[in-house]
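*Asks:* Sending over a structure as structure tokens; questions will come in a sec.
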Amino acid sequence: MFKDTEHLIRLAAVLILAVVAFVALRAAVVPKSFGQYGHYRANAIGEIAARPVAHAGHEVCEGCHTDVVDQKKLGRHIVVPCEACHGAQAKHTDDPATIKPPKLDTAVVCSRCHEANSAKPKAFPQVVTADHAQGLACDTCHQPHRPKIEENKTEEAAASKPAVKSATGGKK
Amino acid sequence: MEITRRRLLVLLPAAAVAWKYIQAGTPEASPNYKLSEHWWGMLIDIPKCIGCGSCVRACSAENDVPDGYFRTWIERYHVPDWAIECPEVESPNGGKDGFPPNQSTGKNFFVPKLCNHCADSPCTQVCPVGATFVSPDGVVLVDKNYCLGCRYCVQACPYGCRFINPKTNTAEKCTLCYHRITKGLTTACAEVCPTGARQLADLKNPSDPIHEFLKTHSVQVLKPHMATGAKVFYNGMDGSVR
């Protein structure tokens with residue numbers, strides 16, 4: 001029945017060899033986790049999750065700096081997380097003794113939030129710093145962790161308060 | 001058991017192998033995290049945003065975002081009058097350094113933007129090599145070891161949330177701080193937001209306050225007509241926002 005089939009057998013052998021080579025190559029090249037959840041490498045999820053954290057989170061800060069938390073509780077800045085002003089501090093929380101956060105320039109930090117801008121919500125406290133502070137640093141009068149100026153604790157600051165020229169005191 | 005010289009020789013290599021396993025296990029800092037128990041999104045409360053740029057700076061610091069590129073950014077909208085189809089939008093340096101004074105007329109507000117972590121994301125569908133994907137917990141991620149840098153996804157994203165990192169030449173985007181949320185932390189941007197305008201939301205967690213918020217507020221997603229299944233919800237969003 002099958003006469004002169006030698007060429008077919010050869011062809012079949014080549015085909016089988018090609019299929020085996022493809023399967024072997026694919027198994028070697030495609031990572032094991034590829035396709036575990038979908039058309040991607042599932043191990044990539046773990047690799048992305050393994051990145052170190054740069055912001056420690058305010059709960060970690062509050063564990064040590066309880067004095068600051070007590071101050072903040074008395075004012076409206078209690079809602080402001082530490083790293084909003086102080087920047088990423090995971091390195092400091094990992095090694096508090098040697099890595100110290102830099103001192104902040106209040107003229108820059110405060111105005112980021114409180115510089116007047118018509119796009120800001122109307123109820124948010126805003127000032128035109130050039131009018132309001134007249135070159136003085138914010139922490140001359142305000143304590144950043146408890147910014148509202150209260151009469152009893154700021155006599156010293158009140159004495160050095162600039163004579164405000166504009167009618168609104170720079171406030172909006 | 002008395003430790004003889006022979007037993008010590010057997011025990012030492014075993015201990016060395018065990019120690020190697022322990023060491024290899026330590027970088028996996030989220031052993032209790034289960035992919036199937038989360039479905040991440042974000043809530044953005046536009047009336048609370050003061051455009052301070054803290055989120056943009058925090059994102060850059062947390063994720064080593066190259067200068068001039070942004071995984072999140074803030075836009076300032078100016079709508080002069082009735083023409084909400086033609087708002088003036090600006091985002092100087094992504095809002096990283098705040099915004100210069102602007103017109104006091106018309107309607108002005110800030111809109112923080114980031115990847116919408118779409119459930120049916122156009123960007124993952126166009127990737128020819130399976131380098132970008134929606135993870136089982138609903139975060140759109142990039143496998144930078146697989147990315148070719150072909151830019152298909154950059155073009156496909158309707159929200160402009162992707163870019164090619166000039167150092168690695170691979171696609172990059174917001175990971176929703178995947179390395180933080182899998183450790184039980186919030187995202188860097190939500191962590192530093194001084195007014196609580198950004199909140200991480202776990203839509204599979206029934207005790208997440210997002211559910212109560214969604215029930216009681218009129219929220220929108222960006223470009224709903226694109227049917228991307230966006231999971232960044234905006235509260236108080238004006239019709240002019242693109």
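The values are calculated or read from the model by the stated rules, or taken from the named source; none is laboratory data. Values in this document were obtained by computation on a predicted structure and should not be read as measured data. We place every Cβ from the backbone using ideal geometry, glycine too, and count neighbours over all the protein chains shown.
*Asks:* Out of all the residues in the range B:172-186, is one or more within 19 Å of the chain's Cα centre (by Cα) and closer than 22 Å to B:E90 by Cα? Let's see the steps before the verdict.
*Replies:* Initial filter on the range B:172-186 (within 19 Å of the chain's Cα centre (by Cα)): B:172-186.
Remaining after also requiring closer than 22 Å to B:E90 by Cα: B:173-174.
Taking every residue of the range B:172-186 in turn, at least one turns out to be within 19 Å of the chain's Cα centre (by Cα) and closer than 22 Å to B:E90 by Cα.
*Asks:* For the range A:46-81, name all the residues that are more than 14 Å from chain B (Cβ to nearest Cβ) and part of a helix (DSSP H, G or I). Write out each step before concluding.
*Replies:* Looking only at the range A:46-81, we keep the residues that are more than 14 Å from chain B (Cβ to nearest Cβ), and these are A:63-71, A:73-74.
Across the range A:46-81, the qualifying residues are A:G63, A:C64, A:T66, A:D67, A:V68, A:V69, A:D70, A:Q71, A:K73.
*Asks:* Right, another one. Would you check if there is a residue in the range A:107-118 being surrounded by fewer than 18 Cβ atoms within 10 Å (Cβ to Cβ), in contact (Cβ under 8 Å) with a residue 12 or more places away in the chain, within 14 Å of chain B (Cβ to nearest Cβ) and not aromatic (F, W, Y)? Can you show your working first?
*Replies:* Applying the first criterion (surrounded by fewer than 18 Cβ atoms within 10 Å (Cβ to Cβ)) to the range A:107-118 yields A:107-108.
Filter once more, so that each one left must be in contact (Cβ under 8 Å) with a residue 12 or more places away in the chain: A:107.
Cutting the leftovers down to within 14 Å of chain B (Cβ to nearest Cβ) gives us A:107.
Retained after the next criterion (residues that are not aromatic (F, W, Y)): A:107.
Yes, the range A:107-118 contains at least one residue that is surrounded by fewer than 18 Cβ atoms within 10 Å (Cβ to Cβ), in contact (Cβ under 8 Å) with a residue 12 or more places away in the chain, within 14 Å of chain B (Cβ to nearest Cβ) and not aromatic (F, W, Y).
*Asks:* Also, quick follow-up: In the set B:H179, B:H225, which member is buried (at least 19 other Cβ atoms within 10 Å of the Cβ), free of Cβ contacts under 8 Å to residues at least 60 places away in the same chain and part of a helix (DSSP H, G or I)? Spell out how you get there, then give the answer.
*Replies:* Numbers: B:H225 fails: buried (at least 19 other Cβ atoms within 10 Å of the Cβ).
Testing whether each residue is buried (at least 19 other Cβ atoms within 10 Å of the Cβ), free of Cβ contacts under 8 Å to residues at least 60 places away in the same chain and part of a helix (DSSP H, G or I) leaves just B:H179.
*Asks:* Same structure again: Those residues that are of a type in the set (V, I, T) and in a loop (DSSP other than H, G, I, E, B), I need them from the range A:82-133; list them, please. Before the answer, list the steps.
*Replies:* Taking the range A:82-133 first, the residues of a type in the set (V, I, T) are A:93, A:98-99, A:106, A:108-109, A:127-129.
Of everything in the range A:82-133, those that are of a type in the set (V, I, T) and in a loop (DSSP other than H, G, I, E, B) turn out to be A:T98, A:I99, A:V128.
So that you can scan it fast, the table gives a plain yes or no per residue for (1) within 8 Å of another protein chain (Cβ to nearest Cβ); (2) within 16 Å of the chain's Cα centre (by Cα); (3) free of Cβ contacts under 8 Å to residues at least 60 places away in the same chain; (4) under 28 Å from A:A54 (Cα atoms):
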| residue | (1), (2), (3), (4) |
| --- | --- |
| B:S36 | no, no, no, yes |
| B:R71 | no, yes, no, yes |
| B:V89 | no, no, no, no |
| B:K96 | no, no, yes, yes |
| B:S104 | yes, no, yes, no |
| B:C118 | no, yes, no, yes |
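*Asks:* Quick one: which residue in B:T187, B:T216 is over 18 Å from B:V111 (Cβ atoms), modelled with pLDDT of 95 or more and among the hydroxyl-bearing types (S, T, Y)?
*Replies:* Numbers: B:T187 fails: over 18 Å from B:V111 (Cβ atoms).
Answer to the check: B:T216.
*Asks:* Report those strands (runs of 3 or more DSSP E) wholly inside the range B:27-96 carrying at least 2 residues which are among the hydroxyl-bearing types (S, T, Y).
*Replies:* Values: elements: B:40-45, B:72-79, B:88-90.
Correct list: B:72-79.
*Asks:* Residue by residue through the range B:196-240, note down the ones that are among the β-branched types (V, I, T) and in contact with a helix residue (DSSP H, G or I) (Cβ under 8 Å, 6 or more places away or on another chain). So that I can check it myself, show each step before the final result.
*Replies:* Quick first cut of the range B:196-240, residues among the β-branched types (V, I, T) only: B:210, B:216, B:219, B:221, B:228, B:232.
Residues satisfying the conditions are B:V219, B:T228.
*Asks:* So, one more: In the set B:C161, B:C153, which member is farther than 18 Å from A:A50 by Cβ and away from chain A (no Cβ under 14 Å)? Before you say what the answer is, go through the steps one by one.
*Replies:* Details: B:C153 fails: away from chain A (no Cβ under 14 Å).
After ruling out the rest, the residue left standing is B:C161.
*Asks:* Among the residues of the range B:97-143, how many are assigned to a strand (DSSP E or B), among the charged types (D, E, K, R) and surrounded by 17 or more Cβ atoms within 10 Å (Cβ to Cβ)?
*Replies:* From the range B:97-143, those assigned to a strand (DSSP E or B) are B:107-114, B:132-134, B:140-142; that's our starting set.
Subset that is among the charged types (D, E, K, R): B:107, B:113.
Then drop every residue that is not surrounded by 17 or more Cβ atoms within 10 Å (Cβ to Cβ), which leaves B:113.
Total meeting the criteria: 1.
*Asks:* Does at least one position in the range B:191-205 carry a residue that is within 12 Å of chain A (Cβ to nearest Cβ), part of a strand (DSSP E or B) and within 30 Å of B:P80 (Cβ to Cβ)?
*Replies:* Yes, there is a match, as at least one residue in the range B:191-205 is within 12 Å of chain A (Cβ to nearest Cβ), part of a strand (DSSP E or B) and within 30 Å of B:P80 (Cβ to Cβ).
*Asks:* Conditions: (1) under 30 Å from B:K183 (Cα atoms); (2) modelled with pLDDT of 95 or more. B:D97 meets all but one. Number of the miss?
*Replies:* It fails just one condition, (2).
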